[in-house]
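Novice: Provided herewith is a single structure, encoded as structure tokens, for subsequent inquiry.
Nothing in this text is a laboratory measurement; each read-out follows from the coordinates by a stated rule. From a predicted model like this one, the values you see are computed outputs, not experimental measurements. Positions of Cβ are generated from backbone atoms using ideal geometry, with glycine treated the same way; all protein chains shown enter the neighbour counts.
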Amino acid sequence: MNHTGVHDFVLAVDFGGTKIAIATADLAGHVLEQSRLETRALDGAEQILTRTLAEARVLIARTEAQSKGQCVSIGIASPGIVRDDGIALSPNIPGWEHVRLRFTMRTALGVATIVAANDVKAAALAEVRWGALQNANPAVFLSLGTGIASALIVDGRVLTGAHGASGEIGYNLRGVSDIYGAAHGRAPLEEVVGGRFIGERGSKLLGEQLSAAELFSHADVRVHSFVEETLTELATHVANLAILIDPARIAIGGGLMNSSSLILDAISSRLAYAVPFPPELVPAHFLSDSSLYGAIALALTEWVDGKWK
């Protein structure tokens with residue numbers, strides 16, 4: 001058992017596809033210092049780790065000077081499935097599959113307690129601990145952003161699955177005609193309802209470059225039909241998930257929730273008639289920095305009733 005002082009703190013790191021968020025937080029989860037870096041994913045994994053570690057050292061030193069305590073734990077949120085020998089299902093960062101994330105952070109920063117998890121599952125943990133999924137059992141966290149994924153919560157715990165891949169609904173088959181899937185490096189549902197793909201498909205429809213957010217607010221009648229069809233397909237898969245799990249509550253987060261009324265209306269109407277016992281549907285509490293707060297929650301998972309496990 002570690003003995004901690006009243007001013008000790010944790011470090012949280014959220015590795016995202018476009019940005020890296022880093023913060024220190026006290027043992028109640030309040031952010032003390034924070035910083036952001038561009039991921040520059042196409043430049044590879046090594047430079048991501050080098051720049052992140054340098055910035056983490058700066059934040060740790062600054063927090064130590066102010067708090068007179070020490071960093072006692074590190075929580076890490078990352079795309080993909082974090083394993084000891086690398087990270088699976090994270091194709092958007094070249095070389096990330098070979099990164100030994102926990103080992104690298106522990107060795108470089110000298111902190112023994114390192115907890116790392118998938119970014120969506122980490123965000124779900126933050127919602128359970130401080131946000132929209134408190135006292136909901138079972139519950140579902142749905143992340144709608146560049147990609148799409150969910151996390152299942154039972155008895156306050158986020159289920160990982162046998163291989164760490166539970167809730168990866170972006171790989172759902174859309175219908176019996178789908179002949180390509182995970183084995184081919186494809187994610188059929190995500191390729192239709194993920195934010196990146198919504199933008200690509202809508203841009204092709206109109207012949208101009210548009211983001212998903214721009215499409216959701218576009219006046220063109222063709223876009224209205226396209227968005228409605230896309231959200232109906234998403235809502236169908238959420239309804240099927242609700243039928244399987246029978247959750248008390250579903251919380252939805254991610255960048256696409258900038259158009260929350262469209263998304264919540266589409267999903268709630270389908271839940272209402274398709275699910276025997278429709279769950280409560282709510283926006284996530286952490287609509288920004290959700291995975292960073294998830295990393296803080298991960299770092300605090302070993303902290304129970306004023307002491308470390």
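Novice: Just add up the charged neighbours of LEU244: K/R +1, D/E -1, any other residue whose Cβ is under 15 Å from the Cβ of LEU244.
Specialist: Net local charge, LEU244 excluded: -1.
Novice: With springs connecting C-alpha atoms under 10 Å apart, model the chain as a Gaussian network and identify which of GLY17, GLY294, GLY110 has the largest mean-square fluctuation.
Specialist: GLY110
Novice: Taking the number of other C-beta atoms within 10 Å as the exposure measure, put SER67, SER150 in order starting with the fewest.
Specialist: The most exposed by this proxy come first: SER67, SER150.
Novice: So, counting K/R as plus one and D/E as minus one, what does the shell of residues with Cβ under 14 Å around SER90 add up to?
Specialist: -3
Novice: What's the magnitude of the charge dipole for region 132-283 around its Cα centre, counting Lys and Arg as +1 and Asp and Glu as -1 at the beta-carbon? Answer in Debye, nearest 20.
Specialist: About 180 debye.
Novice: Taking springs between alpha-carbon atoms closer than 10 angstrom, which of ARG36, ARG222, ARG201 fluctuates most in the Gaussian network model of the chain?
Specialist: Result for the chain, Cα springs under 10 Å: ARG222 fluctuates most.
Novice: Apply the a/c threshold of 1.5 to the C-alpha gyration tensor of region 1-152 and tell me whether it is rounded, prolate or oblate.
Specialist: Oblate, since a/c reaches 1.5 and b/c is not below a/b.
Novice: Fewest Cβ neighbours within 10 Å first, please rank THR230, THR236, THR18 accordingly.
Specialist: Placing the least packed residue first, the sequence is THR18, THR236, THR230.
Novice: Please give the charge dipole size of the chain, origin at the Cα centre, charges +1 on K and R Cβ atoms and -1 on D and E Cβ atoms. Round to the nearest 20 debye.
Specialist: 560 debye
Novice: Taking a ≥ b ≥ c as the square roots of the Cα gyration tensor eigenvalues, with a/c under 1.5 meaning rounded and otherwise prolate when a/b beats b/c, else oblate, which class fits region 175-279?
Specialist: oblate
Novice: Right, next: Just the number, please: percent antiparallel of the DSSP beta bridges in the chain, rounded to the nearest 5.
Specialist: If we restrict to bridges inside the chain, about 55 percent are antiparallel.
Novice: Sticking with this structure for a sec: Provide the net charge surrounding ARG186, with neighbours chosen by a C-beta distance below 12 Å and charges set as Lys +1, Arg +1, Asp -1, Glu -1.
Specialist: Local net charge: -2.
Novice: Oh, and also: How big is the Kirkwood radius of the chain, worked out from every pair of different alpha carbons and given in Å to one decimal?
Specialist: Across the chain, the inverse of the average 1/r is 20.2 Å.
Novice: Moving on to the next point. In region 188-208, whose amide N lies under 16 Å from the spot 7 Å out along Cα-to-Cβ of THR232? List them in ranges.
Specialist: In region 188-208, the label zone of THR232 (backbone N under 16 Å from the point 7 Å along Cα→Cβ) covers 193.
Novice: May I pose another question? Exposure proxy check: LEU215, LEU142, LEU262 ranked by fewest other beta carbons within 10 Å?
Specialist: Ascending number of Cβ neighbours within 10 Å: LEU262, LEU215, LEU142.
Novice: At what distance in nm do the modelled label points of ARG174 and VAL31 sit from each other, each positioned 7 Å from its Cα along Cα→Cβ?
Specialist: Each label point is offset 7 Å from its Cα along the Cβ direction, giving 3.6 nm.
Novice: Turning to a different aspect of this structure: So how tilted is helix 45-67 from the main axis of the chain? Cα-based, degrees 0 to 90, rounded to 10.
Specialist: 50 degrees
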